[in-house]
Amino acid sequence: MIAGNLGPSEVTLGQVSHMLSRDAVAVPPTGGRSTAVPHDGAAGLITDSAPEDPLPGSGHRPAALIDDALAAELIAFRRDMHMHPELANQEVRATAAVKARLEKAGLAPRVLASGTGLICDILPSGRPGEWAGGRPMLALRGDMDALPVPDTKTVPYRSTVPGRAHACGHDVHTAVVLGAGLALARLARGGLLPHPVRLIFQPAEEVMPGGAHSAIDSGALEGVERIVAVHCDPRLDAGRIGLRTGAITSAADMITVVLSGPGGHTARPHLTTDLVTAAARLAVDVPALVQRRADTRWGVNLTWGRLQTGHAANVIPQSAELAGTIRCLELAGWRAAPDLVHTAVDEVAAVYRAKSELRYVRGVPPVVNDAGAVELLRSAMTERFGEQAVTGTEQSLGGEDFSWYLERVPGAMARLGVRTPGRTGRDLDIHQGDFDVDERAVAVGAEFLAAAALRDAAAR
């Protein structure tokens, strides 16, 4: 409770910590613990196999916003979601689970117009409702969709859906934002949330141009002044975050090239269009031409992921198809890329007398982190886990539709460390079937985002 006559706008982080100190216990840094986890629809036993090494800051952190019971629930929620992965725009089960948990906390989530994903406002009054004007909000965003890859892990929470897995950590992102929201809702009920906060659970991040458009079209950014998010980083230890001002991801587009010709006998390639050779040359020469014609500072990269043609060894096929992605470090390169690719494809195809059709699908621009939002995240993580828990990070060539939010409001994405400290051998990587996380990162991420929301409110 608030001491004296302080109003909601005068609440300090110290007072929040004092209120929580009675029942707050740090997430245990040691291994060997088995904890029965209460969770609606996700019964199970957590066996914490993490090593004895404590996470950064676990020895001197202030009273936890995410207590031990909530941390265990979030891990159970993440595991249940991991076992039931849903592809882009099919996140029906995950949407229902998040909605039920938020409603149980006394909140009023609303499903996006697209049918999956949610928006939920946490009001200072502690009562359920939607933002109705006045104080602008900070938004916390998490994505929900899985990937069409098989889960190759041998763990109790392995995917139960053949050919699908949460191989990019979106189950973690969802649990992190859910946990932050539940912590902030508890503070709101105690009169300790100075400003409203919005939770955005977004579908379809893994497809282009991304589900961010669905969320924005459903009003996700109405009343939002700033937005933040996390993304799993398997190269960074759990208990740490990586921050970068400016571009942290790259632009990414999808391209498909369809070649056609009359076909013929492999004994007489001179009488027809040799589509196999044309496709092979296009696969090699188009990326080279694009790279040589683009400003090297743009960091343009075209990589093919699929090439299909032909059915018999002695038949020159009538069609061939290539598909891939083009990625750019700079916005200028992203704007120039379509013309560069079109020209290169036409020129190479013409040399081999092949007809060409280019299908160029605009994906996402780079995620460009705002300096003020980065500083907010840095101060929140430092306050909760210490200076050693924050590190710099490099720009990746990966694409992220979080960028569409940042085209409209300032914000930042942090990299959330999910590697077990002291791990040896090959690092796990996202978009691979054996990807997994040190689950202590879930509570770290939730605490981090909840603390960022409180610091954002205190700074206004």
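The values are calculated or read from the model by the stated rules, or taken from the named source; none is laboratory data. On a predicted model such as this, the values are computed, not experimentally measured, just so you know. Note that we place each Cβ from the backbone using ideal geometry, even for glycine, and neighbour counts take in every protein chain shown. Side chains are part of the model used for accessible areas, which takes the heavy atoms of the whole protein and leaves out ligands, DNA and RNA. Shrake-Rupley method; radii C 1.70, N 1.55, O 1.52, S 1.80 Å.
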Inset, instruction - Would you confirm whether any residue within the range 122-133 is open to solvent by less than 10 Å² (accessible area, probe 1.4 Å) and either over 20 Å from Val172 (Cα atoms) or modelled with pLDDT under 95 (or both)? - result: yes
Inset, instruction - From Val161, Val149, Val98, grab the single residue that is at pLDDT 95 or above, among the β-branched types (Val, Ile, Thr) and crowded, with 24+ Cβ neighbours inside 10 Å. - result: Val98
Legend entry - Of all residues in the range 323-334 being in contact with a strand residue (DSSP E or B) (Cβ under 9 Å, 6 or more places away or on another chain) and in a helix (DSSP H, G or I), the one that is nearest to Gln395 (Cα to Cα): Leu331
Legend entry - Residues being farther than 15 Å from Leu140 by Cβ, part of a helix (DSSP H, G or I) and in contact with a Pro (Cβ under 8 Å, 6 or more places away or on another chain) - total across the range 164-200: 1
Legend entry - Tally, over the range 312-354, of residues that are in contact with a helix residue (DSSP H, G or I) (Cβ under 7 Å, 6 or more places away or on another chain) and at positive phi: 0
Inset, instruction - Taking only the range 65-74 into account, find how many residues are open to solvent by 20 Å² or more (accessible area, probe 1.4 Å) and under 19 Å from His166 (Cβ atoms). - result: 1
Inset, instruction - Among what's in the range 242-256 and is assigned to a loop (DSSP other than H, G, I, E, B) and hydroxyl-bearing (Ser, Thr, Tyr), pick the residue that is most open to solvent (accessible area, probe 1.4 Å). - result: Thr245
Inset, instruction - Can you tell me which residue within the range 424-443, out of those that are of a type in the set (Asp, Glu) and modelled with pLDDT of 95 or more, is nearest to Tyr157 (Cα to Cα)? - result: Asp436
Legend entry - Total residues in the range 270-288, condition touching a residue at least 40 places away in the same chain (Cβ under 8 Å), open to solvent by less than 50 Å² (accessible area, probe 1.4 Å) and assigned to a helix (DSSP H, G or I): 6
Inset, instruction - Considering every residue within the range 81-92, establish whether at least one is within 21 Å of Lys153 (Cα to Cα), at pLDDT 95 or above and over 17 Å from the mean Cα position of the chain (by Cα). - result: yes
Inset, instruction - Hey, could you check the range 407-426 for residues that are open to solvent by 30 Å² or more (accessible area, probe 1.4 Å) and not polar (S, T, N, Q) and say which is nearest to Leu377 (Cα to Cα)? - result: Pro410
Legend entry - Every pair of residues 6+ apart whose Cβ atoms lie under 8 Å, when the first sits in the range 186-204 and is touching a residue at least 40 places away in the same chain (Cβ under 8 Å) while the second is aromatic (Phe, Trp, Tyr): Pro196/Trp131; Arg198/Trp131
Legend entry - All positions within the range 132-155 that are closer than 22 Å to Ala446 by Cα and either hydrophobic (A, V, I, L, M, F, W, C) or out of contact with any Ser or Thr (no Cβ under 8 Å at 6 or more places or on another chain) (or both): Pro136, Met137, Leu138, Ala139, Leu140, Arg141, Met144, Asp145, Ala146
Legend entry - Residue satisfying condition, being surrounded by 19 or more Cβ atoms within 10 Å (Cβ to Cβ), in a loop (DSSP other than H, G, I, E, B) and at negative phi, within set Ala113, Ala88: Ala88
Inset, instruction - Could you tell me whether any residue of the range 387-405 is part of a loop (DSSP other than H, G, I, E, B), over 23 Å from Gly246 (Cβ atoms), under 18 Å from the mean Cα position of the chain (by Cα) and in contact (Cβ under 8 Å) with a residue 24 or more places away in the chain? - result: no
Inset, instruction - Take the range 337-367 and flag every residue that is in a helix (DSSP H, G or I), open to solvent by 30 Å² or more (accessible area, probe 1.4 Å) and small (Gly, Ala, Ser). - result: Ala350
Inset, instruction - Kindly check whether there is at least one residue in the range 217-237 that is outside any strand (DSSP E or B), open to solvent by 10 Å² or more (accessible area, probe 1.4 Å) and β-branched (Val, Ile, Thr). - result: no
